[in-house]
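Inspection log for the structure reproduced underneath, given as structure tokens.
Rule-based calculations on the coordinates, nothing more; no lab input. Because the structure is predicted, anything quoted here is derived from the model rather than measured. Please note: Cβ atoms are built from the backbone with ideal geometry, for glycine as well, and neighbour counts cover all protein chains shown.
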Amino acid sequence: MIEFRGRCKSKKKRIYSMLETNGEMNTSEILQDYNSRYKRGCTMNELASILGRTKHFIQVGFIEEYVRGDGVRLPARVRLAVWSVQHD
């Protein structure tokens, strides 16, 4: 296992093991999986910061989804980043 430095070491280890086990995952899948497994969850802001600043995680691409409007909300485009583990 890789030795992580800085803050949120346990969260980084857990996210790393999830990505190693499941392969590529998008940001919302990682967040839902993490929060369903662990009692002390993670916010989207924390997760994005961890994924973006840690060199062991690599952004592979994007998934674009278009959400239709329903009369109250307007149609929108949703872009989710796809993440993977970087092997040295």
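Annotation note: of L47, L19, L51, L80, the sole residue that is surrounded by 13 or more Cβ atoms within 10 Å (Cβ to Cβ), in contact with a Phe, Trp or Tyr (Cβ under 8 Å, 6 or more places away or on another chain) and farther than 24 Å from I2 by Cβ is L80. If you go through the range 26-44 and pick out every residue that is closer than 12 Å to I15 by Cβ, surrounded by 11 or more Cβ atoms within 10 Å (Cβ to Cβ) and in contact (Cβ under 8 Å) with a residue 12 or more places away in the chain, you end up with 7.
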